[in-house]
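Engineer: Input: one structure, supplied below.
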Amino acid sequence: KRLNISGLNEFDISMKLHGENNKTVMDFARTTLWSKGEKGRFVTDYSGDIPQYSLQVVTKKANLEFFLNKYYKKDFMSGDINYSLDLHATGPGWRNAKKSASGTIDIYGDSLNLHGMDIDKTLEKFERSQHFNLTDVGAVVVAGPVGLAITKGTDFVSLASVSFDSTQRTTIVQLASKWELNNMEIMSRDVAFATPHSRI
């Protein structure tokens, strides 16, 4: 009922483990402080010359603030998201498995709140400003204010149009994003979201 792994907090988990012909399949479900429920399957295959691993995880109603506060340290977005992982790896040992890991990550959400910006008001400035483009908005939503540094480098001209104000909010009624992991890099393949008045 309780699992304790060095470096992780204890959590409630239920597991079904089946092994046959040098293959093991572990189906698991767990509850955490940051999500309503998580289910997954972890498969190890030692039947060939090189070990193979696969992991599928589906998480419902994960608290976005938990992750952002832990890794981003800023009040950037709030709400619940659903996400799924489908990852595969090969090789003996954790180091080789990590290097070879590949797969996809899907993130979905609705009723999210973006803090510090009113996207709909910002888009109203679009026709009046030549220093602003939709890439700036997308970068801010996906990567936070640091996204502007990624898209603009040292050219912060568009900051005149994209201003951050702690009193501003944007309701994101739907967010869908697809990511791909390959060669130890995560690339966004498709990111889309909708506010009450705009779709990007």
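The values are calculated or read from the model by the stated rules, or taken from the named source; none is laboratory data. Here the structure is a predicted model, which is why all the values come from computation and not from measurement. Neighbour counts are summed over all protein chains in view; Cβ atoms, including those assigned to glycine, are modelled from backbone coordinates with ideal geometry. To get the accessible areas, we keep the full protein, side chains included, count just its heavy atoms, and leave off ligands, DNA and RNA. Shrake-Rupley method; radii C 1.70, N 1.55, O 1.52, S 1.80 Å.
Engineer: Going by accessible area, probe 1.4 Å, with all protein chains left in place, what is the ranking of 30, 169, 189, 95, largest first?
Structural biologist: Details: 30 45, 169 110, 189 145, 95 175 Å².
Largest accessible area first, the list is 95, 189, 169, 30.
Engineer: While we're looking at this one, here's another question. What are the equivalent ellipsoid semi-axes of the range 31-74, built from the alpha-carbon gyration tensor (square roots of five times its eigenvalues), in whole angstrom, biggest first? Please report the intermediate quantities before stating the final value.
Structural biologist: Working: eigenvalues 195, 39, 7 Å².
The answer is 31, 14, 6 Å, longest axis first.
Engineer: I would also like to ask the following. When Lys and Arg each count +1 and Asp and Glu each count -1, what net charge do the other residues less than 13 Å away from residue 188, Cβ to Cβ, add up to?
Structural biologist: Taking every Cβ under 13 Å from that of residue 188, the sum is -2.
Engineer: Would you mind checking the pairs 36/121; 23/70; 99/178 and listing those with alpha carbons more than 31 angstrom apart?
Structural biologist: Long pairs (Cα-Cα over 31 Å): 36/121; 23/70.
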